[in-house]
Structure formats: structure tokens, C-alpha cells
1. What ranking of H215, H98 emerges when the number of other C-beta atoms within 10 Å of each C-beta is taken as an exposure proxy, fewest first?
2. Just to confirm the number: angle between the C-alpha axis of helix 234-248 and the first principal axis of the chain, 0 to 90 degrees, nearest 10?
3. Roughly how many Å is it from the Cα centre of region 223-279 to that of region 61-128, as a whole number?
4. What's the exposure ranking of K112, K79, K36, going from fewest to most Cβ atoms within 10 Å?
5. So if each residue of separation counts as 0.36 nm, and I subtract the Cα-Cα distance between S274 and E220, what length gain in nm does that give?
6. Among DSSP beta bridges whose residues both lie in the chain, state the antiparallel percentage, nearest 5.
7. Between 0 and 90 degrees, rounded to the nearest ten: what's the tilt of helix 164-174 against the longest Cα principal axis of the chain?
8. With an 8 Å Cα cut-off and a minimum separation of 6 or more residues, compute the relative contact order for region 65-343 in percent.
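Read-outs throughout are calculated quantities, based only on the coordinates presented, and are distinct from any laboratory measurement. Keep in mind it's a predicted model, so treat the numbers as computed, not measured. We place every Cβ from the backbone using ideal geometry, glycine too, and count neighbours over all the protein chains shown.
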Amino acid sequence: MTDIKSLTLQELKTELTAMGEKAFRAGQMYEWMHKKLAVSFDDMANLPKAMRDACKERFEYVSLETVQVQESKIDGTKKFLFALPDGNLVESVWMKYHHGNSVCISSQVGCKMGCRFCASTLDGWERNLLPSEMLEQIYAITRITGERVSNVVVMGTGEPMDNYDHLVRFIELLTNEDGLNISQRNITVSTCGLVPQIRKLADENLQITLALSLHAPNDEKRKELMPIAKKYSLAEVMDACDYYFAKTGRRISFEYALVAGVNDNDNEAEELISLLQGKNCHVNLIPVNPIKERDYVSTNRQNTERFKNKLEKSKIQCTIRREMGRDIDGACGQLRRRHVQKEQ
């Protein structure tokens, strides 16, 4: 069955006219799906019942079931566990900032990248999410909270660039003026450094922000933390980032999770300065979220500030990521993993 929520408006017109429907019906249905956020064909009140019934026979209509919601008592951050139509589970996070509401979504069920400090990867990779399943995380959260989402971060479970075609289609639908019409500049896509895909994304001519999971300033340390570093050297990754900036004019955000005694000493700060000096970029220092399956510990506040000051003295823009939802299962993959283990 065709996944109707992943179709562009033009593709939807083609499908509906092939069914003998008038072309204007596609606009109505597209609005129901992507603006009014209908949960099913039955919600589409101004469409003929016969048409809706025919669509049920012909199309898959993706909606997510809410399995669990956690709310932080500290800052109101909400973490959602959603069931996909096939029973697989994904996590999404809703964060309230003064500049608007931000949602962090997953792009895969599980992850095959194996980053040592991440819970998402512990149970391996199950499958890619469809564009509709990525969209529906945002739609479901909008329906539940009753508030508009203004920023989207594809930084939850999974490696977005490993689901490249679906990612690009998702961005196209999310930013379409006939849908939620979220600005491309308000979308951030994270990657652990899949070099060919970074270059391919640069050629798409999008205005999204690319966030590179860097986490170490040299190949040796990066290989220790991130298996992908064995495939692509830091030099290759940085070249791809330079290419992305040259093609898009969008500065790169470098994510750096500070792990006590692993990548947070003065030498590593100096190496990071050498690596990034002169680049139009921003460093996001992240106090790592400890997971019980690993013995990594977050760098203390004093060392985090020292690391940040060193970078800033060398004119590298840098912030310490505000910790949201620390009192709930904050790290990617924790809530899903805990739920699955409980069920088992």
C-alpha cells in the first residue's frame, strides 16, 4: 500500500486523479494531513465518504500511538514514547524555550552506528523511519500539547544520514507552505560523519543547519568513542563540512560531548582549537548523559567552563548546551530501552 502521508502535493494529485477524483480534492486532503493534522481519513469532514473509504483501501495512513509520556519537574520538557504501526517504538522530545517550542525526533528504529556513549545503539538497528513517521512525531506532539512547533532537531534515535532519501523528503514536506511551513533555517540535522551523504546534502541547496557529532579532536580518540571514525578520517569529515559551508553558507554546529577523563583535558581543548580555528562554526559542549551500560561520567561544571573559556579565548564560538529533562530519561534511547526490557 502507498504511504499517503509521505507523498508530495503533486504526487497526491496524480494518485487521486487516477482514482477518478477531481484534482482540487488533493489540496483538501493535503491540508487535512499536514495542516489540520488529521489522525485518520475519518476526520476529513469535507471529503465525500465514498472517497475516504476508497482511500482506506488504497493507502496506508500513518498515525502514532502514544505509549508513554514523561514530564520533567525541572523545566517542563516532555519525552514521548510512540508506537509505530508495526509495533516498533520511537522516542521524541518536546522542549520549551523562550524563542519557541523545539521538538527532537528520531529518524530510525534503533541505530547501527555504535557510538560508545549512546543508549540508542545498544539494541542495534531495526529499520529506517518513513517520512510520514518522522513527520507524525511532530504532528502527534502538536496535537497533544496544543502548541505550535517552531524548531525541529533530527537528533533523536538513529543516524539521519543513514536514512538519507526519507530525510530529504521529510524536510521537503515539513517546510512546504501547504503544510506546517516550518522554515528550513529552523531545522537542524545531526550526523556522526557520513562523508558522502554530507556532500550530497550540501548539493541539495537546503538552508538547514548541519550538526556534526565530533566528540574528539583527533582520529585516535574519535575511533575510541565512535566506530564510524574507522571508516572516515577526521580530515575527510572536516573537508566535507567545509564543502557544506561553501555550498550553503550555513555555519556548521560541532557537537562535543564532554566525558570526564576521556576527551575533556587541556591538550584536547588545544587540539580542538587547532582543528576549528578560522572556520565559521559553533561548538556545542554537551555534558554527557550517563547510561548504566557504560562507565562514562559527565565532566564537572568547573572543567566544562574551563574547556569553554579556552575555546572562546581563541575566538571559537561556543555554548554549553542547556540540560533539558535531566530528571527524566533524557539521553537518546533510554526510555525506549527501559520500556522494551520491562515488556520482555
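1. Values: H215 26, H98 4.
Sorted ascending by nearby Cβ count, the order is H98, H215.
2. On a 0 to 90 degree scale, this one is about 50.
3. Cα centroid to Cα centroid, the span is 25 Å.
4. Numbers: K112 15, K79 23, K36 12.
Starting with the residue having the fewest Cβ neighbours, the order is K36, K112, K79.
5. Numbers: separation 54, 0.36 × 54 = 19.44 nm, distance 1.59 nm.
My answer for the length gained is 17.8 nm.
6. Working: 21 of 47 bridges.
If I count the DSSP bridges inside the chain, around 45 percent turn out antiparallel.
7. 60
8. Reported as a whole number, the value is 18 percent.
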